[in-house]
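This report refers to the structure that appears directly beneath it.
Bear in mind these aren't lab numbers, they're just calculated from the coordinates by the rules spelled out. Predicted model only: the values in this text are computed from it and were never measured. Here the Cβ is made from the backbone with ideal geometry for all residues, glycine too, and neighbour counts use every protein chain on show.
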Amino acid sequence: MGLNYNVWEKDFFGKTLRIEQGKMAKQAGGSCLVKYGESVILCTVDGNENPIDGDFMPLTVEYSEKFYAAGKIPGGFNKREGRPSVEAILSSRLIDRPLRPLFPEGMRNEINVIVTVLSADPDCYPDTLGIFGSSFALNISRIPFEGIVAGVRICRKNDEFIVFPSEKDLEDCDLDIVVAGTKDAVTMVEGEAKEVSEKVMVDAIETAHNAIKELVSFQKEMISSFNVEKFEIEIPEAPEGFVEGFEKLIDPEKILENMDVPGKKAKDKALKEYRDELIEKYREEASEKFDEEEFDNNLSFIKNFYHDKEKELMRKRIIEQDKRMDGRKSTEIRPITCEVDILPRTHGSALFTRGETQSLGIVTLGTPDDEQIIDTLFEDKKSTFMLHYNFPPFSTGEVKRLRGPGRREIGHGHLAERAIKAMMPSVEEFPYTVRIVSEILESNGSSSMATVCSGTLSLMAAGVPLKKPVAGVAMGLIQEPDGTVVLTDILGNEDHMGDMDFKVTGTKDGITAFQMDVKISGVTEEIMIKAMQQAKEARLSILEKMTDTIEKPRESVGKYAPVVTLVDIPNDKIGELIGSGGKVIKKLTSEYDADIFIDDEKNQVKIISNNPEKAEKLLKIVNIIANGPEYGKKYIGKISRIEKYGFFVDVAPGVVGMIHSSKTGEDFKTFMKKYDLNSEIDVVITGKDNMGRIQMKLFGVEDNGDDENNKRRTYNRNNDKRDYKRRNGGPKKS
């Protein structure tokens, strides 16, 4: 295999973790093959040693799913992998988030991290292995990288935590999260739960971190085998004295005064105008020392310094005075307003506004044809619940082209979907496909948490029997040597200049989704517990505001929503409903302007119609076919045949009865002038005669009980002996 081929193995939670290096992708800047169970991933990293122009680092993390990894051929016309799936994008984000903070500050070199799934084992999800493999590949490459990071997936089943759970373990678990971190601290958490307590979540994170420490220690041992010289990064520096001269002009009180300007746009404008005023003043003062071109070339240094000064003053005021950029105290939530039924023609709508963050939630109720087909490495599944999040540029007052959803939109929508999913009714309880769209109309602070709230409100307004309302809140952290403050309901600036972005969603009884990104070296368990408790208090307060607007889901769906009804049907009756060559089901579908779906496995019929009256009639017909007529019940039938002695009424295909001319309550000829063939008429099923024929009467007309005698006399009068014998069990004519 070669002198540079290395293999390491470690027993890890019942399976062997095997790392191979120097066998594949040897021209990559750094690479390794990670095997765990029957999952195999190839992690490669490359970096450009020449920095780009600008003040950011272009890091790209790609999670490349290959369908051959699961023994599958991709769907679609081309039969090859194309754009990354939603699952692949979410996995890319999962790997990106713990890696990104560990690159040197000020680095501007283009970095590419690619995790390729070569073999996919559903009992060992490959995405979390990608965090470990990418960290190792970066550390043995020439790319500067300041740390060792690993990730694990953990679930809770029967009150026990399971690290790297199997597919079966995840089926009935009440918590499923991915945790990433270093030896010293947890840096990322992402996952969902079924109303678990704050203590359970903290214990799960602590259990996961203990496993992460093992992986980091193993990785450190492997890295020690290498002696790699990292390439030097070029971090531009300002000319001597350039920033120091600008610093003397800044009045901290003026910055704090501008921070108190109400409104995000007005505040940003005031801070920017003061900065630009200082820059122009400094340009004049420094003109003798720095010419125009040199000044402009180094302008970014004083802009960055001004931003750092804002950050320093904002954080200091929070620690010392418990006063935030909008004047709130650390535990206060911004003013909240909730409205429902904003849009008249949609099936459900709600507007949730918290401060300067606003989400318009819209619910659409669909049919089985609207189910989302999800083609993943592990399974082809259908989803009857989906949530889509849109973040248009006007929500922040920016000028950009409208494009399709990016990674951010997909990630935020997925978090909100996870938050609500556990509280959605089953398909048996509510046989609809449900889609929520969150249109972010304003953004200053967590729009994904506003999406959870607007989504919940719009579901209840649409008549979706949600088990419990769900709300969410974003928390922040300011940690300085002088003190630590946990912030409730953070603003955009507090997210950007703070140390943690920590989102918690749930009901009044527990957590349903959780996401955390930490920007500092460590968050203690004490801080975590405090943040959890503060988030719970905020969540309960928000839920109270929401339920003041709409207390519970409406009893029925809106007038513009399709009517969906389920009917159980014995297996031997499915053929009768379909009819020869589909004749019966096609006729019913056309006549009642409805869709009829038959589930052979569940022995169930689903009826969908946009016309409630027709849907009710069709439901009765399908019920009769499936379960037989219900005696004493009123039905709407159609006259299918008229004779001198009476007329025949069809209440369902194959379910026919006769009403004798004497049972009309008036002269038969006069009565029949009101009706014709296919006329609808109200009848009541009264029973069957001794030959199994259905007996009926007109609704509202009394029955004297002599139907059988009338029918026998009718057959004799018409001298229809052959028919009479046949109906009475006599021999049939061949």
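Among V86, G130, G76, pick out the residue whose Cα is farthest towards the positive end of the charge dipole of region 58-141, where Lys and Arg carry +1 and Asp and Glu carry -1 on C-beta, about the Cα centre.
G76
How about region 168-273: which GluC sites (Glu not before Pro) there are in a DSSP loop, with at most 11 other Cβ atoms within 10 Å of their Cβ?
E229, E232, E237, E240
Can you bin every Cα-Cα distance in region 115-231 into 10 Å intervals starting at zero and give me the percent of pairs per bin, rounded to whole numbers?
13, 41, 31, 12, 3
Please list, in chain and number order, the residues 5+ apart from H388 or on another chain whose amide H is under 5 Å from its amide H, with Hs placed from the backbone.
I436, V437, S438
What does the highest-first list of 481-493, 503-515, 414-426 look like by mean Cβ count within 10 Å?
503-515, 414-426, 481-493
Order of D499, D159, D380 from fewest to most other C-beta atoms within 10 Å?
Ascending number of Cβ neighbours within 10 Å: D159, D380, D499.
Please compute the Kirkwood hydrodynamic radius of region 6-223 from all pairs of different C-alpha atoms, in Å with one decimal.
Across region 6-223, the inverse of the average 1/r is 17.9 Å.
Hey, fewest Cβ within 10 Å first, where do I52, I143, I639 land in order?
Neighbour counts put them in this order, fewest first: I52, I639, I143.
Name the long-range amide H neighbours of N611: under 5 Å, sequence gap of 5 or more, or other chain; modelled H, no Pro or chain starts.
Excluding prolines and chain starts, which carry no amide H, the hits are V563.
What are the ³J(HN,Hα) values, in whole Hz, obtained from phi via the Karplus relation 6.51 cos²θ - 1.76 cosθ + 1.60 with θ = phi - 60°, for each residue of region 200-211 in sequence order, with x given for Gly and Pro?
Using θ = phi - 60°, the values come out as 4, 5, 5, 5, 5, 5, 5, 4, 5, 5, 4, 5 Hz.
Cross-link list K66/K381; K267/K303; K559/K633; K381/K620: which exceed 25 angstrom alpha carbon to alpha carbon?
K559/K633; K381/K620
Which trypsin sites (Lys or Arg not before Pro) in region 47-133 pass both tests, a DSSP loop state and at most 14 other beta-carbon atoms within 10 Å?
Details: sites: K66, K72, K79, R80, R93, R108; in loops: K66, K72, K79, R80, R108.
Sites meeting the loop and neighbour criteria: K79, R80.
Hey, what's the Cα Rg ratio for region 513-595 versus the globular rule of thumb, 2.2 N^0.38 Å?
2.24
Looking at region 40-69, which GluC sites (Glu not before Pro) are in a loop (DSSP not H, G, I, E or B) and have at most 14 other Cβ atoms within 10 Å?
Here the GluC sites (Glu not before Pro) that fit, given the DSSP loop and packing criteria, are E49.
From the phi angles alone, apply the Karplus equation (6.51, -1.76, 1.60; θ = phi - 60°) to region 301-310 and give each ³J(HN,Hα) in whole Hz, x where the residue is Gly or Pro.
Going residue by residue, I get 5, 7, 5, 5, 5, 4, 4, 4, 5, 4 Hz, with x marking Gly and Pro.
When we measure straight from the Cα of K644, which aspartates and glutamates land under 13 angstrom away, once same-chain ones fewer than 8 places off are left out?
D667
What does the extension gain come out to for F671 and E332, with contour length at 0.36 nm per residue minus their alpha carbon separation?
Additional length available on full extension: 114.5 nm.
Translational D (Stokes-Einstein, µm²/s) of region 312-380 at 10 °C and 1.306 mPa s when Rh comes from the Kirkwood sum over C-alpha pairs? Display every interim value, and only then the final one.
Numbers: Rh = 16.4 Å.
The estimated diffusion coefficient comes to 97 µm²/s.
What Kirkwood Rh does region 342-549 have if only Cα atoms enter the pairwise 1/r average? Answer in Å.
17.8 Å
Expressed as a whole percent, how much of the Cα-Cα distance distribution for the chain exceeds 42 Å?
It works out to 46 percent of all Cα pairs.
Please give the charge dipole size of region 562-627, origin at the Cα centre, charges +1 on K and R Cβ atoms and -1 on D and E Cβ atoms. Round to the nearest 20 debye.
200 debye
Rg to Rh ratio, region 496-544, alpha-carbon atoms and Kirkwood radius?
Numbers: Rg = 11.7 Å, Rh = 11.7 Å.
Ratio of gyration radius to Kirkwood radius for region 496-544: 0.99.
Compactness ratio of region 242-321: Cα Rg over 2.2 N^0.38 Å, N = residue count?
In units of the 2.2 N^0.38 Å rule of thumb, it is 1.17.
Suppose every K and R has +1 on its Cβ and every D and E has -1 on its Cβ; what is the size of the dipole of the chain about the Cα centre, in Debye to the nearest 20?
5520 debye
Using label points projected 7 Å from each Cα along Cα→Cβ, tell me how many nm separate D260 and N304, to one decimal.
Result for the modelled spin labels: 3.2 nm.
Taking the Cα centre as origin and putting +1 on Lys and Arg beta-carbons and -1 on Asp and Glu beta-carbons, what dipole magnitude results for region 242-321, to the nearest 20 debye? Walk me through the numbers on the way to the answer.
Values: 17 positive and 23 negative charges, 146 e Å.
So the magnitude is around 700 debye.
Give me D326, D55 ranked fewest to most by other Cβ atoms within 10 Å of their Cβ, as a rough exposure proxy.
Ranking D326, D55 by Cβ neighbours within 10 Å, fewest first, gives D55, D326.
Principal axes first, then extents: for the Cα atoms of region 562-627, list largest minus smallest coordinate on each axis, whole Å, largest first.
The Cα atoms of region 562-627 stretch 29, 22, 18 Å along the principal axes, largest first.
How large is ³J(HN,Hα), in whole Hz, for each residue of region 443-450 in order, when computed from phi with the Karplus curve 6.51 cos²θ - 1.76 cosθ + 1.60 and θ = phi - 60°, using x for Gly and Pro?
Result, rounded to whole Hz: 9, 7, x, 4, 7, 5, 6, 5.
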